[in-house]
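The values are calculated or read from the model by the stated rules, or taken from the named source; none is laboratory data. Since the structure is predicted, the reported quantities are computational estimates derived from the model, not experimental observations. Note that each Cβ is placed from the backbone with ideal geometry, even for glycine, and that neighbours are counted across all protein chains shown. With ligands, DNA and RNA removed, areas are computed over all heavy atoms of the protein, side chains included. Shrake-Rupley method; radii C 1.70, N 1.55, O 1.52, S 1.80 Å.
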Amino acid sequence: MKSRLVGIVACLFCAGLSLGAGADEPLLRFGVVSDIHVTAADDGTLKRSDNLDLFLGALRYFDRMKADAVVVAGDMANDGRVAELLAVGKAWDSVFPGGKGSDGRKVEKVFVYGNHDPARWERVNTHGERLIADDLAGSWEKAFREPFSPAYVKTVKGYDFVGVHWGNEGKPAAVEAIDRAGKTGKVFFHVQHPHVKGTVYGGNVWGQDNGASFAALSKYPQAVSFSGHSHTPLENEQSIWQGAFTAVGTASLRYISISSYRSTQFPRGYENGKAAKGAKGDAGAKVMASEVYHTDLHQGLFVRVYSDRIVFSRREFGAGVPIGGDWVLPLGTGARPFDLETRRKTSAPPEFPDGAKLAVSRVQAKPVDGQKGEKVDAWELLFPAAKGAYEYQITGTGPDGRPVVSWVYATKAKVRLAASRFAGDKVRFSVIPVDSLGVCGRALTNF
């Protein structure tokens, strides 16, 4: 899985690498992560040390890269415990004591609460742990030794960062902070946990806000908004969106998340994603194991700001390697390289290798993801991986004669689908590779 993700290179923006690697020095450097999900007991004992180790590793990388600031777009704590937030603060202090890097430069933290930070999970309350939600301001000030405000503006080397805590998106304090930064006319950076509605991933992903942030940010084309929450992997080229302003999804430092639940928010319900609890219909007839819901990938960004461009470098922190090519956003030219339709028109379609074939056979498969029952008849489809594929669209004929469409996230080119969803003993299947922009390649068929 890691090798596949790391190997995908954004062909559209390979030329941008030369722009980002110029001899001129950046005016600002900062790291971006989200969704750390530190888990700790009330006495501070870590339940999963690897979560905090990943954060420490990211901070050390940002220090080596001479970051002027570090953004954490929410969900620092996993279960809403004060002890978890304190562990994050302690990790920061260990890498940036006194808010300074190893070379003595000042490093600013731009952290915000996500939904997990002030959570009141039942399992927490029944054990009597101290909760962040009981004292949002006090918990924050104890962990980070700075005042708490629902929304704030911090200026780093002349650039404003607007931080908006969970539950304050689009509220007066957040709008006031956005206006304060926006009215300077200079590029500024906005951070909140949920995605700004209708931006990254075409608005077709779980984890969007109520839309109020979009209205506030739309007045300022120089705004760049960072958000997390959905754990969508950064090799998805729709992680960056350019419209009235620019929005960037930050993936997750803890794990990526792909669902098989189908709804208006999940048009890409994956056969090899985790089914929602109690899911019915197609998602309730899964015979493929969940390979990609809590995938062991740990992603984030490093951002460099120049006078004429912003360079976003994606990184896999577990393996310590880049993900694809840099995204390069021109400044002051009116250029819109990350307009979705423009990118779709210029994207090279994913392709199967020459001579590729689709093999189809009938097998016995056991329902997965906690569904009970004996093995059932299933169709197994085998095909080679397509270069540049993010997902596969698989179509067969249903019992009513209508097409049955399934989606598979591109981890393994071995697919099992419940036979009850299709008509007869001979089903005509087609498999279409699709990139993360929605561009389709040529289909493989068994007919």
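What to note about this one:
- Potential lengthening between residue 447 and residue 423 on full extension [0.36 nm per residue; Cα-Cα distance subtracted]: 7.1 nm
- Given (i) 22.3; (ii) 24.8; (iii) 23.8, the label whose value is mean projected area of the Cα convex hull in nm² derived from this model: (i)
- What the phi angles of the stretch 131-144 give under the Karplus curve with 6.51, -1.76 and 1.60, with θ = phi - 60°, is a coupling list of 10, 4, 4, 5, 7, 4, 5, x, 5, 4, 5, 6, 6, 10 Hz, glycine and proline written as x.
- Alpha-carbon centroid distance for the pair the stretch 401-431 / the stretch 63-116, whole angstrom: 46 Å
- Sequence ranges 377-384, 103-110, ranked by mean other-Cβ count within 10 angstrom, highest first: 377-384, 103-110
- Here's the picture: a label point sits 7 Å out from the Cα of residue 100 along the beta-carbon direction, and within the stretch 51-66 the residues with their amide nitrogen under 20 Å of it are 59-66.
- For residue 347, the solvent-accessible surface with a 1.4 Å probe is about 20 Å², rounded to the nearest 10.
- Helix-only mean residue ellipticity at 222 nm for the chain, each DSSP H run of n ≥ 4 adding -39500 (n - 2.57), per residue, nearest 500: -5000 deg cm²/dmol
- In the stretch 319-434, Cα pairs under 8 Å separated by at least six residues give a relative contact order of 24 percent.
- Of the solvent-accessible surface of the chain, computed with a 1.4 Å probe over protein heavy atoms with every protein chain present, carbon and sulfur atoms account for 52 percent.
- Across the chain, Cα pairs under 8 Å and at least six residues apart give a relative contact order of 14 percent.
- Distance (nanometres) between label positions extended 7 Å along Cα→Cβ at residue 145 and residue 173: 2.3 nm
- Mean Cβ neighbour count within 10 Å, used as a protection proxy, ranking 132-139, 415-422 highest first: 415-422, 132-139
- Each residue of the stretch 102-107 is assigned a 3J(HN,Hα), and the resulting list reads 5, 9, x, 6, 6, 10 Hz, derived from the Karplus form 6.51 cos²θ - 1.76 cosθ + 1.60 (θ = phi - 60°), x at Gly and Pro.
- FRET efficiency for residue 346 and residue 42, using Cβ-Cβ distance with R0 set to 51 Å, rounded to 0.05: 0.45
- Antiparallel bridges, percent of DSSP beta bridges restricted to the stretch 28-135 (to nearest 5): 25 percent
- Dipole moment magnitude, nearest 20 debye, the chain about Cα centre, only Lys, Arg, Asp, Glu C-beta charged: 780 debye
- Long-range amide H partners of residue 131 with built H, under 5 Å: 82
- Cross-link partners of residue 414 among lysines, defined as those whose alpha carbon lies under 28 angstrom from its own and excluding same-chain residues fewer than eight positions apart: 2, 274, 277, 280, 286, 357, 366, 372, 375, 387, 426.
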